[in-house]
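Asker: Once you've had a glance at the structure underneath, I'll fire off some questions.
Any read-out appearing in this document is the output of simple, stated calculations on the displayed coordinates, not a laboratory observation. What you are looking at is a predicted structure, and each value in this text was computed from that prediction instead of being measured. Don't worry about glycine lacking a Cβ; one is built from the backbone with ideal geometry, like all the others, and counts go over all protein chains shown.
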Amino acid sequence: MAEKISKILSYWLRHSPDSGNLTLDSSGWATVKAVRVSLAREGIDPSSLESTVAESDKQRFELSDDGTRIRARQGHSVSVDLGWPITTPPENLYHGTVDRFLNSIFAEGLMPMTRHHVHLSPDEDTAARVGARRGLAVILRVAAGKMAHEGSFFRLSSNGVWLTDAVPPRFIDRV
């Protein structure tokens, strides 16, 4: 059930708040009360919301300090400003993908596609888990330190996902 709730929340809070009869503020927050009502409308016990958020292995969502609002931490296709600060990245970050995307990545780089940012992982293990969602994972190393030195900006979300606008091919190699 937690996985079902997580998928529904991802869709509503990242891509289609209207589908859940939700309104997101400029920072991506919806009221917990509205989310509970929408979950109940879907036949889902709304009391499981907080435990789903707390127990999520990827920590995709966060509750406000007072527990009255909820948002997705990253991955939006709708316009929001999550307010993650610009941060100096480590020398290398990682991206998990699958073979069928490699030609495009090495020709054009990593692009955000329908999202606001490219998502990068702090280590190879995390990138492998991300890539494995689509098949046999291929791990790419991103020379984030060099990118930052050349003027690219990086943001770090509160669940440890690194975000950047795009990664040119010259900064990417296969692990």
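Asker: Identify all residues within the range 1-29 that are under 12 Å from residue 49 (Cα atoms), touching a Lys or Arg at 6+ places or on another chain (Cβ under 9 Å) and either assigned to a loop (DSSP other than H, G, I, E, B) or small (Gly, Ala, Ser) (or both); write none if there are none.
Answerer: Matches in the range 1-29: 6 only.
Asker: From the list 97, 126, 114, pick out the single residue that is part of a loop (DSSP other than H, G, I, E, B) and hydroxyl-bearing (Ser, Thr, Tyr).
Answerer: 114 is the lone residue from the list that is part of a loop (DSSP other than H, G, I, E, B) and hydroxyl-bearing (Ser, Thr, Tyr).
Asker: Using beta carbons and a limit of 7 Å, which pairs, at least six apart or on different chains, have the first residue in the range 86-115 and buried (at least 18 other Cβ atoms within 10 Å of the Cβ) and the second one charged (D, E, K, R) and assigned to a loop (DSSP other than H, G, I, E, B)?
Answerer: Close Cβ pairs satisfying both conditions: 94/123.
Asker: Of the conditions (1) more than 27 Å from residue 129 (Cα to Cα); (2) in a loop (DSSP other than H, G, I, E, B); (3) touching a Lys or Arg at 6+ places or on another chain (Cβ under 9 Å), residue 91 clears all except one; give me its number.
Answerer: So residue 91 meets the others, but not (1).
Asker: Still on this model: Scanning the range 124-164 for residues that are surrounded by fewer than 14 Cβ atoms within 10 Å (Cβ to Cβ) and among the acidic types (Asp, Glu), which turns out nearest to residue 93 (Cα to Cα)?
Answerer: Among those that are surrounded by fewer than 14 Cβ atoms within 10 Å (Cβ to Cβ) and among the acidic types (Asp, Glu), it is 125.
Asker: Check off (1) within 22 Å of residue 13 (Cα to Cα); (2) in contact with a strand residue (DSSP E or B) (Cβ under 9 Å, 6 or more places away or on another chain); (3) among the acidic types (Asp, Glu) for residue 66 and give me the number that stays unchecked.
Answerer: For residue 66, the exception is condition (2).
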